[in-house]
Amino acid sequence: MKNKYFIDTDTASDDAVALLMALEWDDVDVLGISIVSGNMSVHQGSINARYTVELCKKDVPVYVGADKPLVKKREHADWFHGPDGMGNMNYPAPKLQERDEDFIEVLNNLINENPNEITLVTLGPLTNVANFITKYPESFLKLKRVVIMGGAANTVGNVTPAAEYNIWCDPEAADIVFKSKHHDIAMVGWELCRGEANLTEEEMELAYSFKTDKADFTIDCNKHALDSSQNWLGDPGLGLPDPVAMAVALNPDVTKKVSRHNVQVVIDGPARGMTIVDQLHVGESEPHIDEHWSHTERNINVIWEIDSDQWKETLYKTIRD
């Protein structure tokens with residue numbers, strides 16, 4: 001029996017590759033895709049997701065969710081991914097139509113029909129997930145696993161010195177999700193998706209050598225993001241944060257080091273959007289010097305290290321044929 005997945009995304013270029021990976025993974029059945037405001041507007045994110053589904057010759061339903069964060073103003077990253085989120089590649093408009101149903105009701109029904117069987121992978125801000133928890137907190141706890149691309153366990157921010165983009169876009173939503181008491185939430189922080197995790201020029205050429213539409217798409221739609229990353233952060237190679245998170249979800253061999261910690265989200269001040277990881281479990285120790293950090297519980301499985309070779313092979317497996 002295939003593993004059941006539901007994916008929440010603000011579909012731009014790296015999100016699209018992550019969707020492709022799940023859609024092409026042999027033992028995964030993607031039950032649905034929900035779109036959240038983040039990298040793109042929900043309108044553009046839906047177009048990009050539906051195009052990706054069609055590229056994979058699938059018929060997975062795509063639902064539109066929250067078009068703005070819970071509190072803060074809307075922020076998009078078209079400056080990073082290009083106006084269409086797909087590197088200005090001018091892909092044709094998808095024929096697949098988005099669904100009219102409320103994804104919250106759809107996901108709730110799916111969970112109740114398949115308790116403790118569905119893995120939720122989030123690739124964008126957590127607004128949709130927070131809205132789901134607010135309405136159906138008990139159903140959320142019946143998800144098998146939640147894998148979040150977001151945060152920075154070592155406080156290496158990419159939109160502020162402290163905050164990673166997905167959490168920064170809607171820290172109030174992230175706060176709700178992190179406090180949900182779900183037993184298996186994994187945080188794949190942005191710092192894991194840099195350095196050795198980036199695709200080198202040789203590895204991008206390797207992808208092109210597969211001579212498949214999916215391999216070409218993987219590199220082509222990220223060309224704008226590649227240039228933006230190099231100009232903005234000076235990072236060599238192509239960083240693909242959402243595909244790294246999807247690889248963690250799909251292939252257990254990708255994760256090399258993980259441990260459980262109390263993780264809290266800063267929702268105001270200059271560190272807004274920061275994910276604070278209690279690495280030494282000081283909130284569990286006596287004496288409790290700071291009231292805020294007294295009697296805390298370990299709520300998040302923090303991924304500290306990945307096997308870059310395994311992550312890349314996971315990607316290649318889905319685009320090679």
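The values are calculated or read from the model by the stated rules, or taken from the named source; none is laboratory data. None of these values were measured; they are calculated from a predicted model. Positions of Cβ are generated from backbone atoms using ideal geometry, with glycine treated the same way; all protein chains shown enter the neighbour counts.
Can you give me the number of residues within the range 1-38 that are at pLDDT 95 or above and in a loop (DSSP other than H, G, I, E, B)?
10
When you check THR119 against the structure, is it touching a residue at least 12 places away in the same chain (Cβ under 8 Å), hydroxyl-bearing (Ser, Thr, Tyr) and within 23 Å of PRO171 (Cβ to Cβ), yes or no?
Against the criterion (touching a residue at least 12 places away in the same chain (Cβ under 8 Å), hydroxyl-bearing (Ser, Thr, Tyr) and within 23 Å of PRO171 (Cβ to Cβ)), THR119 does not qualify.
Would you confirm whether or not the range 61-77 contains a residue that is under 17 Å from the mean Cα position of the chain (by Cα), modelled with pLDDT under 95 and within 28 Å of ASP216 (Cα to Cα)?
yes
Residues being of a type outside the set (Gly, Ala, Ser), more than 18 Å from ALA245 (Cβ to Cβ) and either in contact with a Gly (Cβ under 8 Å, 6 or more places away or on another chain) or surrounded by fewer than 17 Cβ atoms within 10 Å (Cβ to Cβ) (or both): count how many of those fall in the range 279-321. Steps first, answer last, please.
At the first step, the residues of the range 279-321 found to be of a type outside the set (Gly, Ala, Ser) are 279-282, 284, 286-293, 295-307, 309-321.
This time we only want the ones that are more than 18 Å from ALA245 (Cβ to Cβ), so: 279-282, 284, 286-293, 295-299, 320-321.
If we keep only those that are either in contact with a Gly (Cβ under 8 Å, 6 or more places away or on another chain) or surrounded by fewer than 17 Cβ atoms within 10 Å (Cβ to Cβ) (or both) as well, we get 279-282, 284, 286-293, 295-298, 320-321.
Going through the range 279-321 one residue at a time, the tally reaches 19.
Testing ALA130 on (1) modelled with pLDDT under 95; (2) out of contact with any Gly (no Cβ under 8 Å at 6 or more places or on another chain); (3) among the hydrophobic types (A, V, I, L, M, F, W, C), one condition comes back false. Which one is that?
The failed condition is (1).
Confirm whether GLU201 is without any contact (Cβ under 8 Å) to a residue 40 or more places away in the chain and within 14 Å of PRO241 (Cβ to Cβ).
Numbers: without any contact (Cβ under 8 Å) to a residue 40 or more places away in the chain: yes; within 14 Å of PRO241 (Cβ to Cβ): no.
Taking the combined requirement at face value, the residue does not satisfy it.
Where the second residue is surrounded by fewer than 17 Cβ atoms within 10 Å (Cβ to Cβ) and the first is under 17 Å from THR127 (Cβ atoms) and lies in the range 103-114, which pairs have Cβ atoms under 7 Å and are six or more apart or on separate chains?
Final answer for the pair search is ILE104/LYS135.
Report yes if PRO252 is crowded, with 22+ Cβ neighbours inside 10 Å, out of contact with any Ser or Thr (no Cβ under 7 Å at 6 or more places or on another chain) and of a type outside the set (Ser, Thr, Tyr), otherwise no.
No; evaluated as a whole, the condition is false for this residue.
Which numbered condition in (1) touching a residue at least 60 places away in the same chain (Cβ under 8 Å); (2) part of a helix (DSSP H, G or I) is the only one that ASN301 fails?
Evaluating ASN301 over (1) touching a residue at least 60 places away in the same chain (Cβ under 8 Å); (2) part of a helix (DSSP H, G or I) leaves (2) as the failure.
Anything in the range 46-82 that is surrounded by 18 or more Cβ atoms within 10 Å (Cβ to Cβ), outside any loop (DSSP other than H, G, I, E, B) and either β-branched (Val, Ile, Thr) or without any contact (Cβ under 8 Å) to a residue 60 or more places away in the chain (or both)? List them, or say none.
Selection gives SER46, ILE47, ASN48, ALA49, ARG50, TYR51, THR52, VAL53, VAL62, TYR63, VAL64.
Identify all residues within the range 112-164 that are of a type in the set (Lys, Arg), surrounded by fewer than 17 Cβ atoms within 10 Å (Cβ to Cβ) and under 22 Å from GLU305 (Cα atoms); write none if there are none.
none
Table: residues versus (1) more than 28 Å from PHE6 (Cβ to Cβ); (2) free of Cβ contacts under 8 Å to residues at least 60 places away in the same chain; (3) not in a loop (DSSP other than H, G, I, E, B); (4) not basic (Lys, Arg).
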residue	(1), (2), (3), (4)
ILE219	no, yes, yes, yes
LYS256	no, yes, yes, no
GLU305	no, no, yes, yes
THR314	no, no, yes, yes
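Taking the conditions exactly as written (within 19 Å of the chain's Cα centre (by Cα), of a type in the set (A, V, I, L, M, F, W, C), closer than 28 Å to PHE178 by Cα and surrounded by 15 or more Cβ atoms within 10 Å (Cβ to Cβ)), does ALA245 satisfy them or not?
In short, yes.
Residue by residue through the range 268-282, note down the ones that are closer than 29 Å to LYS73 by Cα and of a type in the set (Val, Ile, Thr).
THR275, ILE276, VAL277
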